[in-house]
Structure formats: C-alpha cells, structure tokens
Amino acid sequence: MKDFVSTRLNPLLESGYYATITDSKVDSLEKKKIRNSFLLFRSSSKGAAVEGVDIDYLSLDEYDRVGAAAELSAIESMSSSQFKMLRRWSTPTVPDYGIHALFEQSDQRVYMHKCDHCGYRQQMDYEKNIECVDESGVDLLAKTVKDGTFRFVCQKCGKALDRWYNGEWVAKYPDRTINNQGTRGYLVTQLDAVWISADDLKRKELNAKSKQHFYNYVLGYPYQDVALAVQDQDILNNRRDDLVEPLMDRGDYRFISVGIDWGNRHWVTIRGFRDNGMIDLIRLFSVERARGVANIEADLETIINQITPYNPDIICADIGDSGNYVDKLIQHFGAGRVYGVKVNPNPRSTGQIQPVWSENRSMVTIDKLTQNKRHISDMKMGRLGFYKTVDKDLEMYMFHWKNVVIRDEEDDDTGEVYQVITNRGDDHYAQSSVYSMVGLEHVLEPFITSSIEN
C-alpha cells in the first residue's frame with residue numbers, strides 16, 4: 001500500500017493542478033487532504049484497519065486478496081454516509097471466487113468490437129481473434145515472437161480487425177441494474193488494449209510463469225487447474241456397486257478412521273479399509289453445535305453415540321473452537337485412538353510433506369495445502385470409493401470439495417510463483433475427509449510394513 005502511494009499517487013499530487021488543491025500539512029502515506037475531503041489508505045490484511053473511520057467512498061483494490069473481515073469492516077464504515085459508493089477492483093484468480101463471483105452477479109459489461117468488413121459485433125477471444133500469419137516467426141525455445149507474426153482478426157469473416165474506433169461497452173444482463181439497482185460489472189482485458197499487439201500477447205504467453213498467471217494477469221480471466229479442482233464426476237464415477245447405502249457399522253472393513261471438523265455444525269466422515277486394499281468413504285453426517293446451558297456437550301454425546309458402532313481404530317478431530325471436545329473423545333475412546341489435528345494456518349505450504357505425530361500429546365500436525373492436494377489426487381485417481389446412493393450428505397460433500405480453491409500467487413518482493421489454498425465457501429466435509437485420510441494412513445503404516453516383511 002505504501003509503495004503504491006509513494007510511487008504512483010504522490011507524483012501526481014505533488015505537481016501541476018493537483019498540487020494546488022492538496023493540503024501539504026496533511027500529507028503522509030496513510031492520509032491526504034484534497035480541498036475539504038480526506039483520502040485515506042489502509043491495508044486490507046486486518047479487519048480493524050478502517051474501524052472508527054467514517055467514509056463516503058470505498059475502493060477495494062486486489063479484491064481477491066481482501067479478507068472477509070476487512071471487507072465487512074470497511075463497508076460498515078460507510079453506514080452513516082449518504083453516498084455509500086463502493087468499488088471493487090481485482091485481477092481475477094479462479095472461477096466463482098472473489099471478483100469473478102461478483103462479476104457473475106452483475107450486469108456483466110464487456111467491451112464489444114464491430115468488424116468494419118462484415119459488421120459482426122464480438123467480445124475479444126484469445127483463441128478466436130488472433131491469427132498466425134507467419135509460423136516461422138515463433139521460436140519456442142528462445143520464447144520470442146517476431147513483429148508481424150500474429151494479427152487480430154474478426155471471429156466471423158476472418159479479416160483484419162480494427163480495435164481503435166469501433167468499440168463500446170455492452171451489458172449482457174442490462175435488466176440487473178434498472179433504476180440504479182444491482183451491481184455494474186466491467187471485464188477489462190489486454191485484448192482490448194489497442195497499444196498491445198497480438199505479437200505482444202503471444203510473447204507474454206510464452207514467458208508467463210504459469211497458465212493461470214497468463215489468464216489472470218494478461219487476459220483478465222479466471223483460471224482453475226482441473227487437476228487441483230474437484231468435479232462431481234471425481235466422486236460419482238467412483239461409487240461402489242457393493243456399497244449401496246451408507247454403513248451404520250464397520251461391516252467387513254479391516255480398519256475404520258473417523259475425521260471430525262468442528263463448527264456451528266460438526267462434520268464427520270467415516271472411511272474404511274478393506275482386506276483387498278480398497279478404501280471407501282462409508283458414511284457422512286453432521287451434528288448441530290449444542291446451544292444453551294441445558295444442552296452442554298449434547299452434540300458431542302450424539303457424535304460419540306453415532307461413531308461407537310464402528311469401533312473406530314482412529315479418530316482425528318481438528319483442534320478448533322469446541323473447547324475440550326478432543327480431550328473428551330480421548331477419555332471415551334482412549335489415548336492412541338484419538339488425536340487432535342493441528343492445521344498450519346498459512347495458506348501457503350510450509351514444505352511439510354508428511355504429518356507429524358506426537359503420541360505424548362495425542363496430536364498430529366498437518367500442512368493443509370499438501371494434504372488437500374493428496375486427497376484430491378486420491379479422488380481423481382480412483383483410490384477412494386463412495387457409497388452408491390447420492391443422499392443429501394454426499395451432495396453436500398461434493399459441494400464442500402468444490403469450494404476448496406488451490407491457486408497460484410506471486411510474491412510481490414521476489415516474483416516467485418507459489419500455490420495457496422483457500423475456499424469460496426464452506427469446506428467442512430472436505431477438511432473432515434482429509435483428517436480421516438491422515439488418520440487411516442497412520443493406522444495402515446505398521447500394517448503395511450508388517451505385510452511387506454511377511
């Protein structure tokens with residue numbers, strides 16, 4: 001934020017017309033005064049950054065990195081304003097998240113170009129509007145493109161497209177903003193920037209640090225690596241014909257692992273290991289958090305009663321905001337069978353590949369990004385089976401997994417591209433499933449080792 005103010009804003013305010021209306025007595029990297037108005041700059045990393053500040057106009061930059069608490073705090077700071085002008089800006093990251101989710105709800109204004117030759121109006125498309133006129137102009141090894149190798153063409157007639165004088169903003173859903181209601185959304189892409197040639201865009205593609213980086217920062221579109229995003233078919237295609245309904249006991253499974261994610265509802269996943277090596281998710285259920293003095297720990301008792309028939313070999317429950325529930329589980333099922341899960345809160349991986357178990361503390365520490373990626377890989381490779389019937393819990397399980405978002409980010413200082421994990425909504429069943437995976441692998445380790453030795 002300070003770099004933005006000092007390098008991009010200050011040069012404009014310190015000379016020319018703006019210098020005559022800016023108060024030099026109120027001039028810092030956090031606050032400026034222009035005539036009788038104040039311009040405040042705050043970081044969105046903390047929700048308290050704008051608490052107690054009355055504002056009329058709010059502009060949130062890089063919205064996909066703005067925390068929910070910071071956004072809510074900032075919006076509440078406009079509650080007494082008669083203007084309440086809110087603007088959100090961002091490079092998109094993944095579909096249906098952050099700025100893209102807001103754009104999908106808006107009137108969706110895009111810049112349309114009219115072809116001078118056939119009259120066809122079109123939104124610029126990277127695949128349809130760029131034509132290679134000289135294949136020898138591309139050197140993939142050197143990552144270079146000669147001038148004149150590519151050109152912009154009309155999607156319909158294929159003739160050269162003039163982007164300079166024939167563009168206009170067109171709303172896909174104009175009715176959404178009738179009578180100043182709803183949200184106006186604008187999609188801006190470098191395909192519309194007339195000073196950027198088709199050759200320039202191809203050079204940027206060749207030199208992009210990742211495909212997501214190119215789609216986000218150059219084309220202005222969200223991008224999701226399908227290898228890191230759970231689809232319904234990753235689950236539906238791996239349902240077992242011999243496991244029609246959720247099991248209410250352990251059945252013929254050699255080992256049973258339970259994962260619990262505490263919250264306003266507690267989310268429980270139960271998986272089993274067969275003698276033939278197959279692993280199945282055999283049941284899902286959730287329990288509402290107990291409310292009131294009269295119902296203290298009633299939710300925990302319900303969970304205990306539900307999982308007791310499975311005689312679980314291991315239970316892994318996150319160390320969350322449910323007080324001493326992990327300790328209560330240990331008291332009931334015994335030490336060595338119940339572990340609290342400590343999750344690295346950093347969305348970026350710490351580099352910890354394997355879970356770290358502490359038997360003395362009945363705790364396991366995991367790297368959230370790493371273990372979620374491993375679980376996603378198991379589902380996509382068919383290493384985890386599911387019961388056949390698609391009930392409400394299995395539907396919710398799929399929904400929660402689709403809310404898990406793994407995307408690329410770039411370090412502002414080093415330029416390094418790395419992955420982070422976040423969510424676009426509730427992901428409780430997904431995280432509970434990760435805990436049950438970690439637990440089952442811990443149980444299987446000595447079993448597999450013994451089998452190999454024998």
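The values are calculated or read from the model by the stated rules, or taken from the named source; none is laboratory data. Since we're looking at a predicted model, the values are computed, not measured. Backbone-built Cβ (ideal geometry, glycine too); neighbour counts: all protein chains shown. Side chains are part of the model used for accessible areas, which takes the heavy atoms of the whole protein and leaves out ligands, DNA and RNA. Shrake-Rupley method; radii C 1.70, N 1.55, O 1.52, S 1.80 Å.
The largest accessible area among Leu206, Leu141 belongs to the first residue in Leu141, Leu206, and the rest follow in falling order (1.4 Å probe, all chains).
Near Arg184, within a Cβ-to-Cβ distance under 9 Å, what is the net charge of the other residues, with Lys and Arg +1 and Asp and Glu -1? In short, +1. Among the cysteines of the chain, those with no neighbouring cysteine Cβ under 4.7 Å are Cys132, Cys316. Overall, the accessible surface of the stretch 246-384 at a probe of 1.4 angstrom is composed of carbon and sulfur to the extent of 48 percent.
Full extension of the chain segment joining Ala68 with Asn360 gains 101.4 nm, where the gain is 0.36 nm per residue of separation less the Cα-Cα distance.
The stretch 292-364: which GluC sites (Glu not before Pro) are DSSP loop and have at most 16 other beta-carbon atoms within 10 angstrom? Passing sites in the stretch 292-364 are Glu297, Glu359.
Helical runs (DSSP H, four residues minimum) scored at -39500 (n - 2.57) apiece and divided by the length of the chain put the mean residue ellipticity at 222 nm at -7500 deg cm²/dmol. Using the 1.4 Å probe convention, the accessible area of the stretch 203-280 works out to 47 Å² per residue with neighbouring protein chains retained. Annotation: amide H of Thr149 has no partner in the under-5 Å range at sequence separation 5 or more or interchain, hydrogens built in the peptide plane. Residues of the stretch 56-91 with an amide N closer than 17 Å to a point placed 7 Å from the Cα of Thr177 along the Cα-to-Cβ direction: 58-60, 84-90. The simple Förster model, with R0 at 30 Å and r as the Cβ-Cβ distance, assigns Asp3 and Glu205 a FRET efficiency of 0.60. For the chain, the longest principal axis of the C-alpha atoms and the axis of helix 368-380 are separated by about 80°.
Counting Lys and Arg as +1 and Asp and Glu as -1 over every other residue whose Cβ lies under 11 Å from the Cβ of Val326, the net charge comes to +1. DSSP bridge analysis restricted to the chain gives an antiparallel fraction near 70%, rounded to the nearest 5.
Amide H to amide H distances under 5 Å link Phe386 with Arg239, Arg240, Leu281, where only residues 5 or more positions off or on other chains count and H is placed in the peptide plane.
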